[in-house]
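Derivation of every value follows stated rules applied to the coordinates shown; laboratory data play no part. As the structure is a computational prediction, the values presented were derived from the model and not from experiment. Glycine gets a Cβ as well: all are built from the backbone with ideal geometry, and neighbour counts include every protein chain shown.
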Amino acid sequence: MTRNNHYEAEQLPPVEGQDGYLGKVVDRRALLRSLALGGLSLGSLPLLSACGGSSAPTHKSSPATSAAPRSGGTLNIGVSEDVVTFNPDNNLFNNFIYTRNIYDAMIDYTSNLTPIPRLATSWKMSPDNTSLTVNLRPGVVFQDGTPVTAQAIADNFTFAGNAATGFSLISIAALLKSVTVTGPTSLQLTFVTPTPLEKATDILQSLPIISPKSLTAAALKSTADGSGPFSFGTWTPGNELVLKRNPTFWDHGFPYLDSVVFHIFSNAQSMVAALSAGSLQAAVYVPPNLLSAVSSKHRVQKGHQGALTYSFHLNASKPPFNNKLVRQAMQLCFDREAIVRDVLFGYSAATVLPWGPESPAYDPSALTQYAFDLKKAKAMFDAAGVTKQTFACSCPAPYPEIASMAQILKADLNKIGLDITISTPDINTWVSSYYASNFQILPEFEGNLAKYPTYCTLNSGYRLKKNPNWGNGPLPASWVNALAAADSALTPSAQKSAFAAMNKSLLDEAWIIDVAYRQSLFVSSPAISGVGHNVDDMIELQDTRLT
Amino acid sequence: MPRHRGPAGGYHNRPRHSVSTVVSATPPPAPGKADSAGPRGMRKYLLQRVLQLLLVLVVASAADWYLIYLVPGSPVNALLGSNATPAQVTALDKSLGLNRSLVSQYITWLGHVLHGNLGSSYVSGLSTSTLLGQRLPASLQLVIASFTVGLLLALVLGILAATRPRTILSSIVSGYTTLSLSVPTFWLGILLILLFSVRLHFLPGSGTYIPVWQHPIAGLRAMALPVATLGLYVGGIMTRFVRSAVANVLEADYVRTARSVGVPERLVILKHALRNALLPIVTVTGLQFGAFIGGTVITEAVFQYPGIGTLVLSSVQARDYAVLQGTVLLLVAAVAVVNLGVDLTYAYLNPRIRYG
């Protein structure tokens, strides 16, 4: 029985009144494991540059539980946002609950971005980095019985490249010049320009594979069809989503659960109340401020640090934030320690850049260099002629922690004669104002930050074209050049230099101010084990068992 | 002759008079009037009401269409999120028909409705009829149970308070009615969840619709808290009217007459006073139904009850216009039908009332 690799966050005891962050958040075992795997990855980097993949996947074992876990059973999980579509190319946060459970990708990553075979067993980059040959695992079928073939993968790339169906992943498909089927289970991806291996594997990891029978927008509106450990059962919009064990899953012996029922709540408070009442066995994406309402018998498990980051967007196309000095001054007005301590209750870590600790672009020195400094910020504001002004800050209503962060910012700005007015429109109105570039400060959290750094351009705030932060106008040359350099950096030294240039541009231009990581919190009864999160912070239930 | 205990407590040798004797103390309808107020008149009345209903539905749908479009945002925002490109937004707008004018979209929708098609959800792709069909049984169960509980409470407490004025019981009932008006339903619902679900683990706090006719015990347990929340709310409002109506009727001459001829007090209240008191009570019930629907939406949201209320909320948030329109139509029709039922009930309660 092959135990498929599965990244699983550390399980922490429930936190009550915990102080601090950083060192208290990452425990010793996790740190040592990361270092060990990091060393293994660095040592194998020269090999990875030539080829990739292995038929014997590595994996991390899940923490031992006291009682013997058993197969079978139904897991009832609460979630506070309903699914929007079953097209996984629409990479919305709402869809994270099913993406990695119904669909599979060609590879997965460990927590430190080591690729692990899934639907693909091996992949080899050409010497000139212009094409990647991928070999698929034979004998895999979709949940409808259709075989997973190279043609099916190619069809998925076509689907992702279509503006009407590709959604977030259209940028991934745009990296490819062609996808050629070279055999029943082999295909060749040819890139538009020479591409680093790490970016190429990101493509393999990012694309969930949909059955060709369901590769239409209409079919994926209300049903899903993949090759993952669970198949689509039923969906009652606004009420529940039921997944059932996929009996034809390629990794025999998995999943353990018979079914998973996601109970959809319109707000997190109701979800936590149901968890406390025993109506649910677990709840996913629980806001940290509600943990105090959860019984101490429950376990709290954090998702991947660096998958998502809370950030404050500044509208660099309108006054006063069209002045770089003002944006740089704002960078210094965020008391990140207070945000992590008082808003996120220690379930996070401060950051000035969007990347997590596992990212190749991670730079811990930036946190010191751009530390909270109101005195310096005031001097910069005064030099820019910004005094006694009030800025508008629009926080999305479904995420109250963001408004709480804004409150901390407000209190600090008040100390230097500035102010912000905080509004909390519903998400629909909030998105509208963002599309229209009709904002001054707009906080949110972003994803696609854990992998190759240029992947960040899947977020509208980082992309080069039609960027609402810049009024859909041109972006700073430093950012454009840094992205281009990173996209074409084929050696570690070139990548290091390119990533440093990206960081320099982000901090210098400061149109997006990162404050802390957003780590999902999975709260569950002690009877549940084996829950994982991938590097995108999507929940993975393949290994999950009930005791 | 039977001996009856009169109101003063003494025994009197009085004949037992039938109820009809007391009630028919009022003059009969004028000759000829009963002929024109027959089945033909009722049919004409019903036709008028149905035509009125259709007009109300059209006006309500147009007004609702306009109002929902006034709110910033679009279903495209919910479907694409903040990382969509302008090209993707434009493409989806076009495929959903949202790039057409408001009037054009409304006329197209109205045309479909006249053919029995309420449209489809932009979010789930499911037809509005399917979504309503999924939610309607749950809401009906909740509404019927809550209204029944509320009315029963109102009848019992209202009659008790009316027949026992200036007593501790009457004060307690007054306190209850005041509280029911001042305490928001969502607050009460949350308190009930905290007590019975989170603290005592006695009842489920949220999310479950179990048809009572299939699983009576489980169904009753699942809806106990939302029904209690809504029932206490509507019961409080109705109790005031019942008490006031019954108290007024108890002062009437025929009630005094009934008592004086020895009719038992229980029969005086239930058979004589209540029937006449029911007219204003029925009127208020119809009027309250519309407000009750609003309270149902809030209660369903608090309890995550999978009914039409939560469908309305999620449709507003997602700007799911077709679903919202279909739901509003259904609710307007429901309120109108209930009020029609109220009017028809008048004729049953008071034979002097004729339509047509």
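Per residue, the Cα convex hull of the range A:115-224 amounts to 95 Å³.
With charges set only on the Cβ (+1 for Lys and Arg, -1 for Asp and Glu), what does the dipole of the protein assembly as shown come to about its Cα centre, in debye to the nearest 20?
Taking the Cα centre of the protein assembly as shown as origin, the dipole is about 3420 debye.
On the basis of the beta-carbon distance and an R0 of 30 Å, B:ALA291 and B:LYS44 show a calculated FRET efficiency of 0.45. A simple count of charges around A:ALA277, restricted to other residues whose Cβ falls under 15 Å of its Cβ and scoring Lys, Arg +1 and Asp, Glu -1, yields +3. Mean projection of the Cα convex hull over all viewing directions, computed for the range A:77-148: 7.1 nm². For the range A:457-547, the C-alpha radius of gyration divided by 2.2 N^0.38 Å, with N the number of residues, is 1.55. Using r as the Cβ-Cβ distance of B:VAL103 and A:VAL181, and R0 as 60 Å, what FRET efficiency do you calculate, to the nearest 0.05? With a Förster radius of 60 Å, E is 0.75. For chain A, taking the reciprocal of the average inverse distance between every pair of different Cα atoms yields a Kirkwood hydrodynamic radius of 23.9 Å. Once the Cα atoms are used to define both axes, helix B:216-250 deviates from the longest principal axis of chain B by about 50 degrees.
Could you pull out which residues in the range A:395-420 have an amide N less than 15 Å from a spot 7 Å beyond the Cα of A:LYS375, following the Cα-Cβ vector? Once the point is set 7 Å along Cα→Cβ of A:LYS375, A:416 turn out to lie under 15 Å by backbone N, inside the range A:395-420. With the simple model of a label 7 Å out from the Cα in the direction of the Cβ, B:LEU110 to B:SER182 spans 4.7 nm. For peptide A:106-118, the mean count of partner chain Cβ atoms within 10 Å of a residue's Cβ comes to 0. The fewest-to-most ranking of B:VAL227, A:VAL134 by surrounding Cβ atoms within 10 Å reads B:VAL227, A:VAL134. The three principal axes of the C-alpha atoms in the range B:201-321 carry coordinate ranges of 63, 34, 23 Å, sorted with the longest axis first.
Of all the options B:ALA291, B:ALA162, B:ALA87, the one that moves most in a Gaussian network model of chain B with Cα springs shorter than 10 angstrom is B:ALA87. Ordering A:ASN322, A:ALA274, A:GLY303 by the projection of their Cα atoms onto the charge dipole of the range A:240-348, which places +1 on the Cβ of Lys and Arg and -1 on the Cβ of Asp and Glu, puts A:ASN322 at the extreme positive end.
Put a dot 7 Å past each Cα toward the Cβ at A:ASP342 and B:THR130; how far apart are the dots in nm? Once both label points are built, they end up 4.9 nm from each other.
By the count of neighbouring beta-carbon atoms within 10 Å, fewest first, B:ARG266, B:ARG40 end up ordered B:ARG266, B:ARG40.
Extending 7 Å from the Cα toward the beta-carbon at both B:VAL156 and B:VAL59 defines two label points whose distance is 4.1 nm. Cross-link reach is defined here as a Cα-Cα straight distance under 24 Å, omitting same-chain residues fewer than 8 places apart; for A:LYS318 the lysines meeting it are A:LYS376, A:LYS378, A:LYS388, A:LYS410, A:LYS465, A:LYS466, A:LYS504. The angle between the Cα long axis of helix B:321-349 and the main principal axis of chain B comes to about 10°, on a 0 to 90 degree scale.
Membrane-span-like helices in chain A, defined here as complete DSSP H runs extending at least 18 Å along the helix axis by their C-alpha atoms with mean Kyte-Doolittle hydropathy no lower than -1.0, are A:28-43, A:400-415, A:492-509; this is a sequence and geometry rule, not a statement about a membrane.
Add +1 for every Lys or Arg and -1 for every Asp or Glu among the other residues with Cβ under 13 Å from the Cβ of A:ASN267, and state the total.
Net of charged neighbours comes to -4.
Its relative contact order, with pairs defined as Cα atoms under 8 Å and 6+ residues apart, puts chain A at 22 percent. Overall shape of the range A:186-256 was characterised from the C-alpha gyration tensor. The equivalent ellipsoid obtained from it has semi-axes of 29, 17, 12 Å, in decreasing order. Across the range A:77-199, Cα pairs under 8 Å and at least six residues apart give a relative contact order of 22 percent. Summarised as an ellipsoid, chain B has semi-axes of 48, 28, 15 Å, derived from the eigenvalues of the Cα gyration tensor scaled by 5 and square-rooted, with the largest first.
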